[in-house]
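Participant: Handing you a structure now.
The values are calculated or read from the model by the stated rules, or taken from the named source; none is laboratory data. What you see is a predicted model, and the numbers here were worked out from it, not measured in a lab. Note: ideal-geometry Cβ built from the backbone for every residue, glycine included; neighbour counts use all protein chains shown. Just so you know, the surface numbers come from the protein's heavy atoms only, side chains and all, with ligands and any DNA or RNA stripped out. Shrake-Rupley method; radii C 1.70, N 1.55, O 1.52, S 1.80 Å.
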Amino acid sequence: MIWQKWQMQKWRGWRLAIAFLAAIVLTNCTAGNQPSVPSSSGTPASSSSALVYGSGGQPVNLEPGNITDGNSLIVQNQIYNRLMEFKPGTTDLQPALATEWKASADGKTWTFKLRQGVKFQDGTDFNAEAVKFNVERWWDASNPQGYRNAGKIYEVWSQVFGGFKGTPNSIVQSVTVVDSATVQFGLKQPFAAFPNAIGSAFFGIASPTAVKKAGAKYGTPGSLAVGTGPFVFKEWRTGDRIVLEKNPNYWRSGFPKANQLVIRFVADPAARLAQLRAGQIDFTVDLAPDQKKEIDGDANLTAIARPSFNVGYLALNPSYKPLSDVKVRQAIAYAINRPAIVQAFWGSLGKHDPHFLPEPVAWANDSALAAYPFDPQKAKQLLTEAGYPNGFDLELWYMPVSRPYFPTPKPIAEAFAADLSAVGIRVSLKTKDWAAYLAERRKPPGYQSFMLGWTADYGDPDSFYFPHYAPSATTDIGNWKNETVSQLLNQGRALQTQADRAKVYAQVDKILHQEVLRLPIVHSQPLVAQRKAIAGWVPSPLGAEPFESISK
């Protein structure tokens, strides 16, 4: 296709230019009071045990339970532990701050035994009271330590657990301290994946003392972030970097391997690769698939494909009048040449299919579904039937940062716009700062259409569906409601066998395919890379992992 060739040529040209400029600028930066990081020659400025990670952007904040974005999760994984974590490179649970857990016979009570002798990085004790303190901040909207009056919303809690304390859909009904080493959760209904959900990367356990000390500023630049994890927060230079140092009292003996971890914010993937090749960073993520050839050609680098467990999608907000008609949303599905776009921008590292769920949980898909084919004439027919024979105006928002599912958002958005213009939909592209992009999409009336995606936080269909289609999770698509979908999602949580759950989720898959609210574009294998001097990095399919085992 013409747009495909033009887009890729344009992207490659900009990538080379940016990489060249980045190398010049970064080589000439003065050291000032910078921490120990590798110089442009690739040799460390001082300590060889300092790791430098190239992030696709800076975090929204470092407050557990109050973020949904991957850039925040990556940093939080280094500062905090959760009750459970996941075995490296897998979605399988393993003990962390909880050493064991079990459900009651009716599946409505979960009891967790906690690891004893663990200290927060400020020297205070980790115990059941600390767990309860954190959970109540997230769950109870009236909790004074939640600081909701400062704009904190803890949206991910509601997305994962159905709602906040006292709301009809809240799965969690109680959190109880049994003794200093035992905490118990009471649920409204059985939830087989509850340990996975409470162990997901959102819910790191923070020091109650530190939260109380910092108040509403906790987790923001210039304030505190205190957990039990491998690295201690030292500094956040807005727009530049976060500096973490080894936790000398970490409860996992022999970890972390590095004395210092520097997380640099480099939004452009071309600049990240330029810095990696120059030795200014040691490892990085979310590179463009077409950069793999360049990585493979550098004897100092190793390319790694992170296991695919994500979805990149185009959201269509039905609160915008043209998109309130399902025929219009289906017309957009026919108008966008998704297979060609995936081939152009992801190559062998991307897959397009009709499902919101990726291959590792394909057992929950309706295998009879076929993707909407690329059919501009069908798109025009549906637009005419819906009363838009001459098309309409549409704002399409694209992300300002690279993400695993959309490593080069703007050129991909331009490809969408080119296909939509061919059927009469006049697209204007828009973006803004990442934190604002995430927050403002939920402010009524929301964006008309926008690009976003999701890397699941535990290995279950529930981790994809509930945060996007539960009643509390659709504020960014006009508070869309479907009682059948809500009932099916609750059934899927309560059922115990995979066979029974598969029947339920297949119905969800079929309904969502027809509704076209979050149009699946790609399931990607995100491209990451490291210098060959790095050892011990095992990228997680869940998109974020602790760096405690990495050395160089």
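Residues checked against (1) open to solvent by 10 Å² or more (accessible area, probe 1.4 Å); (2) under 12 Å from S524 (Cβ atoms):
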| position | (1), (2) |
| --- | --- |
| L273 | no, no |
| D290 | yes, no |
| K293 | yes, no |
| G297 | yes, no |
| T302 | yes, no |
| S308 | yes, yes |
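Participant: Another question, if that's okay. Hey, can you tell me all the residues within the stretch 110-150 that are among the polar types (S, T, N, Q) and outside any loop (DSSP other than H, G, I, E, B)?
Facilitator: Answer for the stretch 110-150, where residues must be among the polar types (S, T, N, Q) and outside any loop (DSSP other than H, G, I, E, B): T111, N134, Q145, N149.
Participant: Could you list, in sequence order, the residues of the stretch 186-199 that are over 21 Å from Q487 (Cα atoms) and crowded, with 24+ Cβ neighbours inside 10 Å?
Facilitator: Scanning the stretch 186-199 gives I198, G199.
Participant: Right, another one. Residue check: is G146 buried (at least 20 other Cβ atoms within 10 Å of the Cβ), more than 30 Å from L488 (Cα to Cα) and within 26 Å of the chain's Cα centre (by Cα)?
Facilitator: yes
Participant: Looking at this structure, is G199 touching a residue at least 24 places away in the same chain (Cβ under 8 Å) and either among the charged types (D, E, K, R) or closer than 21 Å to Y53 by Cα (or both)?
Facilitator: no
Participant: Would a scan of the stretch 423-434 turn up a residue that is open to solvent by less than 50 Å² (accessible area, probe 1.4 Å) and free of Cβ contacts under 8 Å to residues at least 12 places away in the same chain?
Facilitator: no
Participant: Oh, and also: Does V528 satisfy being more than 30 Å from A299 (Cα to Cα) and of a type in the set (A, V, I, L, M)?
Facilitator: Details: more than 30 Å from A299 (Cα to Cα): no; of a type in the set (A, V, I, L, M): yes.
The answer is no for V528.
Participant: Scanning for something part of a loop (DSSP other than H, G, I, E, B), at pLDDT 95 or above and of a type in the set (K, R), does the stretch 208-222 turn up at least one residue?
Facilitator: No: zero hits.
Participant: Return a yes/no flag: does the stretch 97-109 have any residue that is part of a loop (DSSP other than H, G, I, E, B) and farther than 19 Å from A193 by Cα. Break it down stepwise before answering.
Facilitator: Quick first cut of the stretch 97-109, residues part of a loop (DSSP other than H, G, I, E, B) only: 97, 104-108.
Next, from what is left, pick out any that are farther than 19 Å from A193 by Cα: none.
No, the stretch 97-109 contains no residue that is part of a loop (DSSP other than H, G, I, E, B) and farther than 19 Å from A193 by Cα.
Participant: Give me the pairs, please: first residue somewhere in the stretch 205-230 and free of Cβ contacts under 8 Å to residues at least 60 places away in the same chain, second residue anywhere and in a loop (DSSP other than H, G, I, E, B), beta-carbon distance under 7 Å, and either six or more positions apart or on two chains.
Facilitator: Hits for this filter: K213/L224; A214/S223; A214/L224; K217/S223; P221/T238; L224/Y218.
Participant: Go through the stretch 359-393 and count every residue that is open to solvent by less than 30 Å² (accessible area, probe 1.4 Å) and on the phi > 0 side of the Ramachandran plot.
Facilitator: Looking only at that region, the number is 1.
Participant: Could you say whether any residue in the stretch 54-76 is more than 16 Å from the chain's Cα centre (by Cα) and buried (at least 20 other Cβ atoms within 10 Å of the Cβ)?
Facilitator: The answer is yes; a qualifying residue exists.
Participant: Please pick out the residue among I242, I205 that is under 26 Å from the mean Cα position of the chain (by Cα), open to solvent by less than 30 Å² (accessible area, probe 1.4 Å) and closer than 21 Å to I550 by Cα.
Facilitator: Residue meeting the stated conditions: I242.
Participant: If you don't mind, there's one more thing I want to ask. Within the stretch 160-178, track down each residue that is within 17 Å of H468 (Cβ to Cβ) and either open to solvent by 10 Å² or more (accessible area, probe 1.4 Å) or part of a loop (DSSP other than H, G, I, E, B) (or both).
Facilitator: Applying the first criterion (within 17 Å of H468 (Cβ to Cβ)) to the stretch 160-178 yields 160-163, 169, 171.
Listed by number, the residues that qualify are G162, G163, N169, I171.
Participant: Please pick out the residue among R338, R442, R403 that is open to solvent by 30 Å² or more (accessible area, probe 1.4 Å) and not small (G, A, S).
Facilitator: The unique qualifying residue is R442.
Participant: Taking the condition hydroxyl-bearing (S, T, Y) and either without any contact (Cβ under 8 Å) to a residue 12 or more places away in the chain or touching a helix residue (DSSP H, G or I) at 6+ places or on another chain (Cβ under 6 Å) (or both), does Y458 pass?
Facilitator: Yes, satisfied.
Participant: Going by the conditions given, is A371 of a type in the set (A, V, I, L, M, F, W, C), closer than 29 Å to G459 by Cβ and in a loop (DSSP other than H, G, I, E, B)?
Facilitator: The answer is yes for A371.
Participant: Has the stretch 118-135 got any residue that is under 30 Å from I477 (Cα atoms) and open to solvent by 70 Å² or more (accessible area, probe 1.4 Å)?
Facilitator: Looking through the stretch 118-135, none of the residues is under 30 Å from I477 (Cα atoms) and open to solvent by 70 Å² or more (accessible area, probe 1.4 Å).
Participant: Where in the stretch 433-552 are there helices (runs of 4 or more DSSP H), lying fully within it, with 2 or more residues that are of a type in the set (S, T, Y)?
Facilitator: 462-469, 483-494
Participant: Could you give every pair whose Cβ atoms fall below 8 Å, whose first residue belongs to the stretch 488-499 and is closer than 12 Å to D462 by Cα, and whose second residue is in a loop (DSSP other than H, G, I, E, B) and not hydrophobic (A, V, I, L, M, F, W, C), counting only separations of at least 6 or pairs across chains?
Facilitator: These pairs meet every condition: N490/Q189; G492/P461; R493/Q189; R493/P190; A494/G107; A494/Q189; A494/P190.
Participant: Filter the stretch 342-358 down to the residues that are open to solvent by 30 Å² or more (accessible area, probe 1.4 Å) and either in contact with a Cys (Cβ under 8 Å, 6 or more places away or on another chain) or under 13 Å from Y405 (Cα atoms) (or both) and list them by number. Give the derivation first.
Facilitator: Here is the first cut: in the stretch 342-358, the ones open to solvent by 30 Å² or more (accessible area, probe 1.4 Å) are 343, 348, 351-352.
Residues satisfying the conditions are K351, H352.
Participant: Sticking with this one: With the requirement that a residue be open to solvent by 20 Å² or more (accessible area, probe 1.4 Å) and either in contact with a strand residue (DSSP E or B) (Cβ under 8 Å, 6 or more places away or on another chain) or aliphatic (A, V, I, L, M) (or both), what does the stretch 513-529 give you?
Facilitator: Within the stretch 513-529, just Q525 meets the criteria.
Participant: Among the listed residues F161, F133, F126, F120, identify the single one that is touching a Leu at 6+ places or on another chain (Cβ under 8 Å) and closer than 24 Å to P59 by Cβ.
Facilitator: F126
Participant: Follow-up question, since we're still on this one. Which pairs do you get when a residue that is under 26 Å from D122 (Cβ atoms) and in a loop (DSSP other than H, G, I, E, B), found in the stretch 64-92, comes within reach of a residue that is of a type in the set (S, T, N, Q) and open to solvent by less than 30 Å² (accessible area, probe 1.4 Å), reach meaning Cβ atoms under 8 angstrom, with the pair 6+ apart or on two chains?
Facilitator: P64/Q76; P64/N134; G65/N134; I67/N61; I67/Q76; Y80/T228; N81/T228; R82/S200
Participant: Return yes or no: is V156 outside any loop (DSSP other than H, G, I, E, B) and open to solvent by 30 Å² or more (accessible area, probe 1.4 Å)?
Facilitator: Answer is no for this residue.
Participant: Restricting to the stretch 103-129, what's the tally of residues that are under 11 Å from V183 (Cα atoms) and without any contact (Cβ under 8 Å) to a residue 24 or more places away in the chain? Walk me through it before giving the result.
Facilitator: First pass over the stretch 103-129, keeping only residues under 11 Å from V183 (Cα atoms): 109-114, 127-129.
So of that shortlist, the ones also without any contact (Cβ under 8 Å) to a residue 24 or more places away in the chain come out as none.
Final tally of qualifying residues: 0.
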